[in-house]
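Q: Have a look at this one before I ask anything.
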Amino acid sequence: MNLNCGSIKAMDFFEVIKKRRSVRAFQEVEVEESKLRIIFETINSAPSAGDLQAYEVFVVRSESKKRELAKAAFGQDFIASAPVVLVFCANPKRSAWKYGKRGEKLYCIQDATIACSFAHLSATALGLASVWVGAFSNSEVLKIIGAEDKDLVPIAILPIGYPAENPSPTPRRQLYDLIHFVD
């Protein structure tokens, strides 16, 4: 795997974590192929159960398909405004052959979720923005991406583009309320 960003400036990891926001407004600027390639390579480097990579990623750029995805996501119209939209699907069969029901019901979902998280963070590192969308009609999304005949489960829609807004950080739980030490 080659995650060499070449002439593209990328942020330090902890800066990425600090700067990441859920952005729902995008500039009308295309995302460079070189940046998309880095995001795709990052997705491919995500850890997965048994290194099976039990997920598929669909890249949507068509204006009509993005509008359909927005509608399938219960009217989240900002999806259609992003230059590129990634749809992450779990592939239960790819995990089930090795891990049985646990692979089919859990590991493939974890794999797709981790891959989407890597894409989400790499977009931020490259000066792009994204937002995790989890509310949508599974059957509609599968139809839109042409995968209704495959045994896939849509996990997340990730619109990506240059931000047209700069949301403030959202409140987070206090560490004492979140972290639990077991002795």
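Rule-based calculations on the coordinates, nothing more; no lab input. Keep in mind it's a predicted model, so treat the numbers as computed, not measured. Counting neighbours? That spans all protein chains shown, and the Cβs are built from the backbone with ideal geometry, glycine included.
Q: Put +1 on the Cβ of each Lys and Arg and -1 on the Cβ of each Asp and Glu in the chain; which of ALA164, VAL23, TYR99 then has its Cα farthest toward the positive end of the dipole?
A: Looking along the dipole axis, the top candidate is TYR99.
Q: Next question, about the same structure. Could you work out the helix-only [θ] at 222 nm for the chain, with each DSSP H run of four or more residues adding -39,500 (n - 2.57) and the total divided by the number of residues, to the nearest 500 deg cm²/dmol?
A: Working: 8 runs with 74 residues, N = 183.
It lands at -11500 deg cm²/dmol.
Q: Student exercise: in the chain, how many lysine pairs 8 or more apart or on different chains have Cα atoms under 19 Å apart?
A: Total qualifying Lys-Lys pairs in the chain comes to 13.
Q: Which FRET efficiency, nearest 0.05, do SER117 and ALA10 yield, Cβ-Cβ r, R0 25 Å?
A: Once rounded, the FRET efficiency stands at 0.90.
Q: Still on this structure, I have one more. Going through segment 104-183, which chymotrypsin sites (Phe, Trp or Tyr not before Pro) have at most 13 other Cβ atoms within 10 Å and a DSSP loop state? Mind dumping the intermediate values first?
A: Values: sites: TYR107, PHE118, TRP132, PHE136, TYR176, PHE181; in loops: TRP132, PHE136, PHE181.
Passing both the DSSP loop test and the Cβ count: PHE181.
Q: So, one more: Just tell me, in residue order, which DSSP H segments of the chain are both 20 angstrom or longer along the helix axis (alpha-carbon based) and at least -1.0 in mean Kyte-Doolittle hydropathy.
A: Numbers: long enough: 108-125 (26 Å, 0.91).
Helices meeting the span and hydropathy rule in the chain are 108-125.
Q: Right, another one. So for segment 23-166, what are the equivalent ellipsoid semi-axes in whole Å, largest first, each being the square root of 5 times an eigenvalue of the Cα gyration tensor? Intermediate values should be presented prior to the final figure.
A: Details: eigenvalues 128, 63, 25 Å².
Over the Cα atoms of segment 23-166, the ellipsoid semi-axes are 25, 18, 11 Å.
Q: Between LYS98 and TYR176, 0.36 nm times their residue separation minus their Cα-Cα distance comes to what?
A: Numbers: separation 78, 0.36 × 78 = 28.08 nm, distance 3.83 nm.
The LYS98-TYR176 span can extend by a further 24.2 nm.
Q: What whole-number distance in Å separates the alpha-carbon centres of segment 21-82 and segment 85-147?
A: So the two Cα centres are separated by 10 Å.
Q: Longest exposed-loop-site-free stretch of the chain, with trypsin sites (Lys or Arg not before Pro), DSSP loop and at most 11 other Cβ within 10 Å?
A: Details: sites that count: LYS9, ARG172, ARG173.
No qualifying site falls inside 10-171, the longest such stretch.
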